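K.L.:
Provided herewith is a single structure, encoded as structure tokens, for subsequent inquiry.
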Amino acid sequence: MYQKILRFRISLSGSEPEIWREIDVPDHYQFWELHVAIQDAMGWLDYHLFTFSPRKQGPTKGKPIGLPESEHDDSLIAAWDLPVKKYFTTLGNTIDYIYDFGDNWHHEVMLVGMFLAPMDSDYPQCLIGERACPPEDCGGMFGYQNLLEVLSDQEHEDYADMVEWLKGHAKNYWPYKPELFKCKKVKFADPYLRWCKAFNQPYEP
């Protein structure tokens, strides 16, 4: 018996050198589960809003995919209601993923592979990637570039404050090494548990 796997390449737009990941997820995943996998692979902390913006009409008819404000909100499609395989039908299909509407981290998510794997294989998996994820709440791409500039010069007037901010962050980013990324350190959370915590629902495995 086999399961179908979808392979995605996620690239953080505007990053130079490029910050990117390649992940495999089961094809039964819906967009909420893909969101959680992207968060974990990239290294975000998942405490901001997000949306997927389709680049083709397809099953969404152009509507964004994300978190509805209520069950009557028809301005977007609930991320847990749409299987990713209904949108990603062909290699090269791409969608825009925006995380944190303040910092506006824009990602390009592209389907780069489809294959069969043994049923007893564990997914999702992170295969490869480059460079560390920017720290949460650092001010978007402009703030991130400023952070790198400050950290590159210990004599910079903001160096001490930046180090203190990184140390006191919820994740404790210090020492921050922008060039470092290790796939083996990626741990994927249970998407259902993440959903229960996000919406204060009881967890029923």
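The values are calculated or read from the model by the stated rules, or taken from the named source; none is laboratory data. None of the values given here were measured: they were computed from a predicted structure. Here Cβ is always computed from backbone atoms with ideal geometry, including for glycine, and neighbour counts include all displayed protein chains. Accessible surface is based on the protein model in full, side chains and every heavy atom, while ligands, DNA and RNA are left aside. Shrake-Rupley method; radii C 1.70, N 1.55, O 1.52, S 1.80 Å.
K.L.:
Just to be sure I understand the model, the point goes 7 Å from the Cα along the line to the Cβ. What's the resulting F142 to A160 distance in nm?
P.N.:
2.8 nm
K.L.:
So how much slack lies between E69 and L45, counting 0.36 nm per residue of separation and subtracting their Cα-Cα distance, in nm? Don't skip to the answer; put the middle values down first.
P.N.:
Working: separation 24, 0.36 × 24 = 8.64 nm, distance 2.11 nm.
So the chain would gain 6.5 nm between E69 and L45.
K.L.:
K86 to D120: FRET efficiency via 1/(1 + (r/R0)^6), r the Cβ-Cβ distance, R0 35 Å, to the nearest 0.05?
P.N.:
Rounded to the nearest 0.05, the efficiency is 0.85.
K.L.:
Among the GluC sites (Glu not before Pro) within the stretch 10-93, which fall in a DSSP loop and have no more than 16 other Cβ atoms within 10 Å of their own Cβ?
P.N.:
Numbers: sites: E18, E22, E33, E69, E71; in loops: E18, E69, E71.
Listed in order of number, the matching sites are E18, E69, E71.
K.L.:
I've got another one for you. Taking every pair of alpha-carbon atoms in the stretch 85-202, give the share separated by more than 17 Å as a whole percent. Each step should come with its number before you reach the end.
P.N.:
Details: 4983 of 6903 pairs.
Cα-Cα pairs in the stretch 85-202 separated by more than 17 Å: 72 percent.
K.L.:
At a temperature of 4 °C and a viscosity of 1.567 mPa s, determine how fast the stretch 43-88 diffuses translationally according to Stokes-Einstein, using the Kirkwood radius over alpha-carbon pairs as Rh; express D in µm²/s, rounded to the nearest whole number. Kindly include the intermediate steps, with their values, before the conclusion.
P.N.:
Values: Rh = 11.5 Å.
My calculation gives 113 µm²/s for D.
K.L.:
Whats the longest run of the chain with zero trypsin sites (Lys or Arg not before Pro) that are DSSP loop and have at most 15 other Cβ atoms within 10 Å?
P.N.:
Values: sites that count: R55, K56, K61, K171, K182, K187.
The longest uninterrupted stretch comes out as 62-170.
K.L.:
Can you give me the pair-distance distribution of the stretch 6-154, C-alpha pairs, 5 Å bins, whole percents?
P.N.:
2, 9, 18, 22, 19, 14, 9, 4, 2, 1, 0
K.L.:
For E16 and R55 in the same chain, what is the full-extension length gain: residue separation times 0.36 nm, less their Cα-Cα distance, in nm? Please report the intermediate quantities before stating the final value.
P.N.:
Details: separation 39, 0.36 × 39 = 14.04 nm, distance 2.34 nm.
Fully extending the segment from E16 to R55 adds 11.7 nm.
K.L.:
Still on this model: With a cap of 13 neighbouring Cβ atoms within 10 Å, and only residues DSSP puts in a loop, list the chymotrypsin sites (Phe, Trp or Tyr not before Pro) found in the stretch 81-119. Write out the running numbers ahead of the final one.
P.N.:
On the way: sites: Y87, F88, Y97, Y99, F101, W105, F115; in loops: F88, F101.
Loop-located and lightly packed - F101.
K.L.:
Before I look further, what does the chain give for accessible area per residue, probe 1.4 Å, in whole square angstrom?
P.N.:
On the way: 11160 Å² over 205 residues.
Accessible area per residue: 54 Å².
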